[in-house]
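Here the structure comes first, spelled out in structure tokens, and everything after it is commentary.
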Amino acid sequence: MPTRAFRIAYDGTGYYGFQRQPDVPTVEDAIFDALRGLEVLAPDADKPDGYAAAGRTDAGVSALAQTVGLETPEWLTPRAFNAELPADIRAWAAAAASDDFHATHHAISRAYTYHLYAPPAASESNGGEAERTVDDARFRAACEALSGSHDFHNLTPDDRNTERAPTLEATRDGDYLTVTVTASGFARELVRRLVSLARDVATGAEPLAKIDRTFGSDPLPGHEGIAPAPPEPLVLAAVDYPGLEFAVDDEAAASARAIFERRRIDRRTGSRVAGQIADSVR
């Protein structure tokens, strides 16, 4: 069978990450269940032939461009895939790939987006919680200092392959900073710890010099460690492959847009409910 790559979007808030785990729901489990339902994967098979995924997002992390490659019959289009996938996981584009395609190893660039609630220092929309306001200039200075080739052993629980070369950029959108982090690959929790450290510098909780100390060869003592930012605001936004051209399945993409627009409305409604309570408890 030919090898194909699929773009997969998902809301990760209801899953314990992408990679399969025993006894808890994961995105990968849902993908394999869908393939079994379509009789592409045998009931007793561990995984599809030629299967690999671009990344292993953590529990609560969502994706726009998670990419999986596998050997599959030509009739398996994104819209056919979606017939068996749950509503919060949508295939929306596909590409023909070489027989040796590996969705993990052949990716040349990955980009994550973090939606950081970060009212600017002059903002009054945060109800006076001054400790949560950020200085945009300091945040961007932190992003610049964290970009480039460094050993990030103090910003990941991994104990090997900790040298990376990310690029961090931040843009202001009201009370949020949209932080885009791009690299060829990432260590575990690296993006969320990068965001956490940049936020601490921008709020004045840590000096800019903390970044140089973090890059030092010595481990940071426990009380100075950098905890990861929450996972829910993080999205795997892009994965690039040389020579691979994805064709958008219009019907599948329309389904994804409709489902995620409904989720946006539901969460705005939930925000209004929570806001009423927060504003009225006196």
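The values are calculated or read from the model by the stated rules, or taken from the named source; none is laboratory data. The shown structure was predicted, so the numbers you read here are calculated from the model rather than taken from an experiment. We place every Cβ from the backbone using ideal geometry, glycine too, and count neighbours over all the protein chains shown.
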Please indicate, with yes or no, whether at least one residue in the stretch 274-282 is basic (K, R) and in a helix (DSSP H, G or I).
no
Kindly provide the set of residues from the stretch 21-73 that are within 30 Å of L116 (Cβ to Cβ) and of a type in the set (K, R), ordered by number.
R56
In the stretch 97-155, which residue that is assigned to a loop (DSSP other than H, G, I, E, B), of a type in the set (A, V, I, L, M, F, W, C) and at pLDDT below 95 is nearest to the chain's Cα centre (by Cα)?
A118
Could you give me the residue pairs with C-beta distances under 6 Å whose first residue belongs to the stretch 75-86 and is surrounded by fewer than 19 Cβ atoms within 10 Å (Cβ to Cβ), whose second residue is assigned to a helix (DSSP H, G or I) and hydrophobic (A, V, I, L, M, F, W, C) wherever it lies, and which are 6+ apart or on separate chains?
R79/A252; E84/A34; P86/A30
Are any residues in the stretch 212-233 outside any loop (DSSP other than H, G, I, E, B) and either surrounded by 21 or more Cβ atoms within 10 Å (Cβ to Cβ) or in contact with a strand residue (DSSP E or B) (Cβ under 8 Å, 6 or more places away or on another chain) (or both), and if so, which ones?
T214, F215
Find the residue count for the stretch 5-57, including only residues that are over 22 Å from I259 (Cα atoms) and either among the charged types (D, E, K, R) or not in a loop (DSSP other than H, G, I, E, B) (or both).
12
Looking at (1) within 28 Å of N82 (Cβ to Cβ); (2) surrounded by fewer than 15 Cβ atoms within 10 Å (Cβ to Cβ), which is the one condition that is false for S255?
(2)
Over the stretch 112-121, the set of residues touching an Asp or Glu at 6+ places or on another chain (Cβ under 8 Å) and buried (at least 20 other Cβ atoms within 10 Å of the Cβ) is A118
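Going through the stretch 83-96 one residue at a time, which ones are under 21 Å from the mean Cα position of the chain (by Cα) and either assigned to a helix (DSSP H, G or I) or farther than 15 Å from D33 by Cα (or both)? So that I can check it myself, show each step before the final result.
Taking the stretch 83-96 as the starting set, the residues that turn out to be under 21 Å from the mean Cα position of the chain (by Cα) are 85-94.
The answer is W92, A93, A94.
Matching residues to (1) out of contact with any Lys or Arg (no Cβ under 9 Å at 6 or more places or on another chain); (2) within 18 Å of F152 (Cβ to Cβ):
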| position | (1), (2) |
| --- | --- |
| G204 | no, no |
| P219 | yes, yes |
| H223 | yes, no |
| A227 | no, yes |
| E251 | no, no |
| R263 | yes, no |
| D266 | yes, no |
Are any residues in the stretch 216-269 touching a residue at least 40 places away in the same chain (Cβ under 8 Å) and of a type in the set (K, R), and if so, which ones?
R263
With respect to the numbered conditions (1) closer than 21 Å to F246 by Cα; (2) part of a loop (DSSP other than H, G, I, E, B), which one is the sole condition not fulfilled by A63?
(2)
